[in-house]
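Derivation of every value follows stated rules applied to the coordinates shown; laboratory data play no part. Note that this is a predicted model, so its numbers are computed, not measured. Glycine also receives a Cβ, built like all others from the backbone with ideal geometry; neighbour counts cover every protein chain displayed.
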C-alpha cells in the first residue's frame, strides 16, 4: 500500500500531533542549550571577559552564540 504524501503531512500537522512534537523536543533543546551555556559562561568567567559573560548570560540563542564564543571568539590556551 502506497502512502499518500499530502494525507500524511495533513495528519502530522494536526494541533494534537504538533503539540506532542513540541513536548517531546523541548527537553532535548533545554539540555543542549544549558550545556553549551554553562561551558561558555565558565570559559568567559575564567578569561575575565565581563562583556561576553553578560551577553552569554542574557541572550538565549539555543547554543549558537555559546558555540561561536567557545570555538571562535575565546582565547585559545596552549598546553603547558
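Here are the numbers:
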| quantity | calculated |
| --- | --- |
| Among residues of region 50-80, those that are without any contact (Cβ under 8 Å) to a residue 24 or more places away in the chain and over 12 Å from the mean Cα position of the chain (by Cα), counted | 17 |
| Filtered residues of region 24-48 (kept if free of Cβ contacts under 8 Å to residues at least 12 places away in the same chain and more than 16 Å from the chain's Cα centre (by Cα)) | 42, 45, 46, 48 |
